[in-house]
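Structure, as structure tokens:
Read-outs throughout are calculated quantities, based only on the coordinates presented, and are distinct from any laboratory measurement. In this text, all values refer to a predicted model and were calculated from it rather than measured experimentally. Cβ: placed from backbone, ideal geometry, glycine included. Neighbour counts: every protein chain shown.
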Amino acid sequence: MSALAYFLEDEGLPTVAISLIRLQSERLGNPRSLWVPFELGRPLGTPNNAVFQKDVMRAALELLEVPTGPVLLVDYPHEDPSAADRDDWRPPFDFAETIPDPSNSVEFAAALEDEMRTLAPLHRAFVAANQRTMVGLSGMDIERCRQFFVSYLADPAATNPIPWVLWVVDDLRTYYLEAMMSAHPVIPSSRQLENWFWDRTALARGLLALRSRLMADNDTMTRFVGERALLPGVQRHRLGL
Amino acid sequence: MVRMTELTPSLQDALDKGNSPTFEGKPFVGGPPLSERRVAVVTSAGLSRRGDALFQLGDSSYRAIPADTPASELLMSHVSPNFDRTGFMRDQNVIFPVERLYEMAGEGTIGSVAATHYSFMGAGMPQPMEPYAREAAERLKSDHVDAVVLTPA
């Protein structure tokens with residue numbers, strides 16, 4: 001049983017878990033689980049689709065009225081219609097061919113600045129359309145995030161990436177992905193966005209350089225952060241890293 | 001379908017070995033009809049409000065999120081890079097479906113919506129989480145909650 005489900009039920013609170021990993025649910029044996037065939041990060045499925053989301057919620061909540069226990073695992077039958085790649089999506093620009101090697105810190109810093117200048121109006125459009133941004137973990141504005149990242153990358157003695165570097169990286173990556181969701185009338189799948197980011201941007205090139213450096217550090221935690229916290233497992237696998 | 005490469009190393013390891021946390025007994029609590037229940041969301045997605053402490057590596061504690069928190073005030077500081085965030089960027093309800101709960105309450109599907117919801121950061125160890133989970137349970141019960149939807153990231 002998952003720790004949260006166990007402790008809450010043990011305190012007398014009925015729970016139903018929405019599960020994204022069926023094998024995990026089979027092994028955990030939660031009191032009630034609805035397994036949904038969606039990608040990690042989207043337990044309710046499609047963004048901005050209240051009808052679909054409510055159907056998932058209804059399917060989950062109805063398990064609370066099923067008296068059969070103590071383990072109930074039901075499969076949700078519908079796929080997330082937004083998960084498929086969009087053939088009609090094209091990134092409106094491509095930075096990849098002109099990105100200098102991050103070891104050339106002056107040229108790389110200039111390329112990153114150019115790239116983010118291109119993204120700035122798109123990010124403003126995202127915020128205007130959605131009335132929100134998830135940028136904000138570092139507490140710094142995005143310009144200062146960029147400067148912090150460039151300085152950190154250029155300083156071979158810089159260590160201890162926890163937690164500030166991770167928060168700065170998260171803010172920068174969020175900025176890129178939010179901007180790209182406003183760059184084209186079609187919103188691509190998350191896979192298309194992630195692949196674009198990791199294949200075609202200076203920021204990703206810098207992150208991969210940072211990752212290599214952290215993985216060579218003497219400190220165990222720094223190596224762990226380098227190996228696991230910067231690059232999603234899917235991309236690690238796809239890029240053969 | 002979720003691939004193994006998307007999972008955290010600890011979860012991959014646990015699934016590979018068939019390890020799962022074990023607890024004494026299997027509590028299974030009933031309750032009134034759904035239309036009479038007060039429902040809360042407890043997520044393991046590492047959500048917090050702007051200005052609250054962010055989640056850090058190994059953090060087992062929780063953050064309380066009042067139901068009327070605007071989406072613009074929510075941040076996600078889960079340390080794992082292994083799940084999509086773009087859905088949540090566009091619509092908080094893909095992980096934190098409080099708006100859906102209000103609609104369901106309005107339609108009479110559920111009784112009411114909790115005043116406060118909670119977030120942990122998943123992929124941690126059960127033992128350090130226990131005192132926080134039990135504390136959150138007390139707070140939920142004092143809000144008369146009798147149904148909890150657990151959402152992962």
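Table for the structure above
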{"quantity": "Ranked packing of A:65-77, B:29-41, most packed first, by mean Cβ within 10 Å", "calculated": "B:29-41, A:65-77"}
{"quantity": "Dipole of region A:96-239 [Lys/Arg +1, Asp/Glu -1 at C-beta], most positive-end residue of A:Gln147, A:Met221, A:Trp164", "calculated": "A:Met221"}
{"quantity": "Length added when fully stretched, B:Ser142-B:Leu57, from 0.36 nm per residue minus Cα-Cα", "calculated": "27.6 nm"}
{"quantity": "Built amide H within the under 5 Å cut-off of A:Ser19, gap 5+", "calculated": "A:Leu34, A:Trp35, A:Val36"}
{"quantity": "Space enclosed by the convex hull of the alpha-carbon atoms of region B:34-151, per residue, Å³", "calculated": "99"}
{"quantity": "10 Å Cβ neighbours from other chains, averaged over peptide B:121-128", "calculated": "2"}
{"quantity": "Compactness index (Cα Rg / 2.2 N^0.38 Å), region A:96-239", "calculated": "1.02"}
{"quantity": "Cβ-placed point charges (K, R +1; D, E -1), dipole of region A:96-239 about Cα centre in debye, nearest 20", "calculated": "420"}
{"quantity": "Residue-averaged beta-carbon neighbours from other chains (10 angstrom radius) around B:73-79", "calculated": "5"}
{"quantity": "Estimated dipole of the protein assembly as shown in Debye, rounded to 20 [Cβ of Lys and Arg +1, of Asp and Glu -1, Cα centre]", "calculated": "140"}
{"quantity": "Protection-proxy order for peptides B:96-102, A:102-108, each taking the mean of Cβ atoms within 10 Å per residue, highest first", "calculated": "B:96-102, A:102-108"}
{"quantity": "Computed [θ] at 222 nm, deg cm²/dmol, chain A (DSSP H ≥ 4; -39,500 (n - 2.57); rounded to nearest 500)", "calculated": "-15500 deg cm²/dmol"}
{"quantity": "Kirkwood hydrodynamic radius of the protein assembly as shown, from inverse mean 1/r over distinct Cα pairs, in Å", "calculated": "21.6"}
{"quantity": "Semi-axis lengths (Å, descending) of the ellipsoid that matches the C-alpha gyration tensor of region A:79-127", "calculated": "29, 15, 10"}
{"quantity": "Cβ-placed point charges (K, R +1; D, E -1), dipole of region A:1-152 about Cα centre in debye, nearest 20", "calculated": "420"}
{"quantity": "Inter-chain Cβ neighbour average for residues A:206-217, partner chain, 10 Å", "calculated": "0"}
